[in-house]
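J.: I am attaching a structure below and will ask some questions about it afterwards.
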Amino acid sequence: NEAYTSTFNTEKYYLSISDYISSIKKSLPTTSILLTAPPDTRSKNRYPRNNDSIISVFKNISNAKNVAFWDLRSQMGGDGSLFKWLKSGLASKDQLHFTKEGYETQAKMLCEALFIEYNKTLPPAEYISLPIFQNHISNLR
């Protein structure tokens, strides 16, 4: 929702998210946190004017607070990728939501990213094989 508002304030947003993460870490210090960038969408044919700022805030906070960050929009194919998802039947006609298959594809993309990052912590002989869904995902990027 923040992506479309005309009253978005980057500094206030940063402080709000940063403070929230600090409160989680204080209460649950061993909890892992993953920030996920918004997807490429349109709402009533409006462009999400604040997506770049939101993504920048998430990247900065992930570095400052030592939390994970995953850029869904980039993984979808970047700005404008929504239209490829629409043609593939993965995005809803409202251009804001996704079809069941679209949400499943996003989940597969996240799983792929998690497998890749986890494998970086292992010696090559211990790598975990990725599920077979890679080919479907690579066709969207």
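The values are calculated or read from the model by the stated rules, or taken from the named source; none is laboratory data. All of these numbers come straight from a predicted model, not from anything done at the bench. As a convention, Cβ positions derive from the backbone with ideal geometry for all residues, glycine included, and neighbour counts pool all protein chains shown. Ligands, DNA and RNA are excluded from the accessible area calculation, which covers all protein heavy atoms including side chains. Shrake-Rupley method; radii C 1.70, N 1.55, O 1.52, S 1.80 Å.
J.: Would the stretch 56-75 turn up any residue that is at pLDDT below 95, surrounded by 14 or more Cβ atoms within 10 Å (Cβ to Cβ) and small (Gly, Ala, Ser)?
T.: Scanning the stretch 56-75, I find no residue that is at pLDDT below 95, surrounded by 14 or more Cβ atoms within 10 Å (Cβ to Cβ) and small (Gly, Ala, Ser), so the answer is no.
J.: I need a count of the residues in the stretch 96-121 that are aromatic (Phe, Trp, Tyr) and open to solvent by less than 100 Å² (accessible area, probe 1.4 Å).
T.: Total satisfying the criteria: 2.
J.: Checking Lys93 against (1) open to solvent by less than 60 Å² (accessible area, probe 1.4 Å); (2) of a type in the set (D, E, K, R); (3) without any contact (Cβ under 8 Å) to a residue 24 or more places away in the chain: exactly one of these is not met. Which one?
T.: The failed condition is (1).
Rundown of residues vs (1) among the charged types (D, E, K, R); (2) part of a helix (DSSP H, G or I); (3) at positive phi, yes/no style:
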| site | (1), (2), (3) |
| --- | --- |
| Gly78 | no, no, yes |
| Lys84 | yes, yes, no |
| Gly89 | no, no, yes |
| Asp94 | yes, no, no |
| Glu112 | yes, yes, no |
| Phe115 | no, yes, no |
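J.: May I ask you to say which residue of Thr10, Thr99, Thr36, Thr105 is of a type in the set (Ser, Thr, Tyr) and more than 25 Å from Leu130 (Cα to Cα)?
T.: Only one candidate qualifies: Thr10.
J.: Kindly list the number of the only condition in (1) hydroxyl-bearing (Ser, Thr, Tyr); (2) crowded, with 18+ Cβ neighbours inside 10 Å; (3) not in a loop (DSSP other than H, G, I, E, B) that fails for Tyr20.
T.: (2)
J.: Please work out which one of (1) of a type in the set (S, T, N, Q); (2) assigned to a helix (DSSP H, G or I); (3) within 27 Å of Asp19 (Cβ to Cβ) is the condition Thr31 fails and give its number.
T.: Every condition holds for Thr31 apart from (2).
J.: Given the structure, is Glu11 in contact with a Leu (Cβ under 9 Å, 6 or more places away or on another chain), loosely packed, with under 15 Cβ neighbours inside 10 Å and either assigned to a strand (DSSP E or B) or of a type in the set (Asp, Glu) (or both)?
T.: No, not satisfied.
J.: Give the stretch 34-55 a look and list any residue that's open to solvent by 80 Å² or more (accessible area, probe 1.4 Å) and either part of a helix (DSSP H, G or I) or of a type in the set (D, E, K, R) (or both), or say none. If you could, list the steps in order and put the result at the bottom.
T.: To start, the set of residues in the stretch 34-55 that are open to solvent by 80 Å² or more (accessible area, probe 1.4 Å) comprises 44-47, 49, 52.
Listed by number, the residues that qualify are Lys44, Arg46, Arg49, Asp52.
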